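The values are calculated or read from the model by the stated rules, or taken from the named source; none is laboratory data. Just so you know, these numbers come straight off a predicted model, no measurement behind them. Every residue, glycine among them, receives a Cβ derived from its backbone with ideal geometry; neighbour counts consider all protein chains shown.
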Amino acid sequence: MSDTKAYLQKLFNGNGITIALNRNSLFNAFIADEENSKKVYQILENQKMLTDKWKIINRIADIHQQQVSIPNGTVGKPYEAKLDFIKLGWNDIVFSEFEGAELAGLQYDNEKETIEGIPTQSGDIKMKLRFRIMGEGEDSVLNEKNFSLIINPDPKSLWKNEPSNKEDKYWKEDNVSALDSLGDKNIVVSSKRGRSHANVGSFRDDDFAFKHFESTGWSVIAVADGAGSAKLSRKGSQLACDAVITYFTENFSSDILIEFDNILLDYKNGTGDETQKQLSRFIYFNLSKAAQFAHNAIADLAKETETQLKDYYTTLIFTIFKKYEFGYAILSFGVGDCPIAVINKDQSEVTLMNWLDVGEFGGGTRFINMPEIFTSDKFSSRFRFKLIEDFSYLMLMTDGIYDPKFIVEANLEKLEKWKEFIDDLGGNNADKTKIEFNAENKEIASQLSSWMDFWSPGNHDDRTLAIVF
């Protein structure tokens, strides 16, 4: 009754009708008329229905126009993006479902309100959120809101893998891996052509070589990184590594080794400064000859072929080691920006076995081809010696590994960085690629090769890593 009276009073006033005092009884009777009450009730219900309908339409329009950004994904990488209905102010959505995510290999978890999965294709993926808001009937047609999800291609897929020219005079395999024993230790090594070279079909400039001398117990490993700017550096790195092996094969005679054994025993027993000097002289005298032999091998080829020595520019690092009853003697030499490191048995200490030729702006790299290397007053500092009871890993690597994994030279001094690197080799990486360091594992060389396919933006150089374990 009160709703009817209030409505009629408002209606009459709006139409200029005034109820005189002497007509109040008549107006009350008009209000009490059942037919009139029904009509007013219907009018009020229709008004409410129209108001509610407008609110729903207006709310749906708000949701349609609301800007919602969804993070981009990448093909092959796990993806999860939450559509937080509360934060978006969509707490009045009572039903929702997603269409289109499956086009990219994803799915929508309605309970978690997440788009998740591993994208299988790149592109601008068109998706729809189909929804119903509070107040809409359960049989009403679902509303639709369009979304765009950008899935970027796998960066690796953008790089071509063009074969190098096998007819080239100095052609060599693009990727090489090996597993072998070095006395009571084992070596796994892999050298891979960088993506920047594979993209244009050019050659692998890195190289390596190793050998174990069963008769003496000594082992030698050499790694070299040919300069990308030198057109024949692939041959220079190969010559340098092979020359090191040749030198020790031909010149590490029993007389020389007996001399070293005696000096080392005195050194181990701590017989004084003179023994230290003898040890330093022995290392300098023999390893410098191996380095000079490598230099000469390249110089001889340049002369023979009437090419320039700088065309063969390459770095060179090498180490020789032997097991004694009291530990391992490790001797090393290095020119360039490729590190050598030995990690002790319990991985509580790391020792760098060379210093790196790096300049303030990366222009300080030196090459074994440079004659001035051998006349520099710093030449004697290129040699290292370590007597260690045992070691877990002895590693030699080119900057294709060092740059992405250690970033800066200072990190090579940090044990925690080497532990991170070892964990990385063990599978703690984005690709979950794992190397099982077990001599019985016949797949270890291929595992290392696979691990070396890791992605690092801006780091697409050749990669070579030799690990003695």
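What to note about this one:
- Restricting Asp424, Asp357 to those that are out of contact with any Asp or Glu (no Cβ under 8 Å at 6 or more places or on another chain), without any contact (Cβ under 8 Å) to a residue 60 or more places away in the chain and not β-branched (Val, Ile, Thr) reduces the list to Asp424.
- Subset of the range 1-59 that is part of a helix (DSSP H, G or I) and of a type in the set (Val, Ile, Thr) - its residue that is farthest from Ile93 (Cα to Cα): Ile31
- Filter result for the condition that a residue is part of a helix (DSSP H, G or I), surrounded by fewer than 21 Cβ atoms within 10 Å (Cβ to Cβ) and not acidic (Asp, Glu), over Ala299, Ala291: Ala299
- Taking each residue of the range 3-17 that is without any contact (Cβ under 8 Å) to a residue 24 or more places away in the chain and looking for partners that are surrounded by fewer than 16 Cβ atoms within 10 Å (Cβ to Cβ) and not in a helix (DSSP H, G or I) with beta-carbon atoms closer than 8 Å, six or more apart or interchain, yields Gln9/Ile19; Phe12/Thr18; Phe12/Ile19.
- Residue identified as without any contact (Cβ under 8 Å) to a residue 40 or more places away in the chain and not charged (D, E, K, R) among Ser202, Ser181, Ser177, Ser190: Ser202
- No other residue among Ala410, Ala430 is assigned to a loop (DSSP other than H, G, I, E, B) and assigned by TED's automatic domain parsing to the domain that holds Asp225 apart from Ala430.
- Residue within the range 339-355 that is of a type in the set (Asp, Glu), assigned by TED's automatic domain parsing to the domain that holds Phe203, surrounded by fewer than 23 Cβ atoms within 10 Å (Cβ to Cβ) and at pLDDT below 95 present: no
- Only strands (runs of 3 or more DSSP E) whose full extent lies in the range 121-215 are considered here, and the ones with at least 1 residues that are outside the structural domain of Ser392 (by TED's automatic domain parsing) and aromatic (Phe, Trp, Tyr) are 123-133, 143-152.
- Considered as a group, the residues in the range 432-447 that are in contact with a helix residue (DSSP H, G or I) (Cβ under 8 Å, 6 or more places away or on another chain) and surrounded by 14 or more Cβ atoms within 10 Å (Cβ to Cβ) include one that is farthest from Ala227 (Cα to Cα), and that residue is Asn441.
- Meets criteria (outside the structural domain of Lys77 (by TED's automatic domain parsing), without any contact (Cβ under 8 Å) to a residue 60 or more places away in the chain, under 25 Å from Val220 (Cβ atoms) and over 12 Å from the mean Cα position of the chain (by Cα)) for Asn441: yes
- Lys82 out of contact with any helix residue (DSSP H, G or I) (no Cβ under 8 Å at 6 or more places or on another chain), of a type in the set (Lys, Arg), at pLDDT 90 or above and under 17 Å from Phe147 (Cβ atoms): yes
- The residues of the range 107-128 that are surrounded by 19 or more Cβ atoms within 10 Å (Cβ to Cβ) and touching a residue at least 40 places away in the same chain (Cβ under 8 Å), listed by number, are Ile115, Pro119.
- At least 3 residues being more than 25 Å from Asp139 (Cα to Cα) is the threshold, and among the strands (runs of 3 or more DSSP E) wholly inside the range 63-117 those reaching it are 79-82, 114-117.
- Any hit, the range 343-354, residues being within 29 Å of Lys303 (Cα to Cα), touching a residue at least 24 places away in the same chain (Cβ under 8 Å) and either of a type in the set (A, V, I, L, M) or assigned to a loop (DSSP other than H, G, I, E, B) (or both): no
- Residue count for the range 390-405, restricted to those that are free of Cβ contacts under 8 Å to residues at least 60 places away in the same chain and in contact with a helix residue (DSSP H, G or I) (Cβ under 9 Å, 6 or more places away or on another chain): 1
- Filtered residues of the range 7-52 (kept if at pLDDT below 85, under 30 Å from Met134 (Cα atoms) and surrounded by 12 or more Cβ atoms within 10 Å (Cβ to Cβ)): Tyr7, Val40, Leu44
- Scanning the range 262-288 for residues that are surrounded by 13 or more Cβ atoms within 10 Å (Cβ to Cβ) and basic (Lys, Arg) yields one hit, Lys268.
- Subset of the range 129-149 (residues that are within 30 Å of Asp431 (Cβ to Cβ) and either of a type in the set (Lys, Arg) or exposed (fewer than 15 other Cβ atoms within 10 Å of the Cβ) (or both)): Ser148
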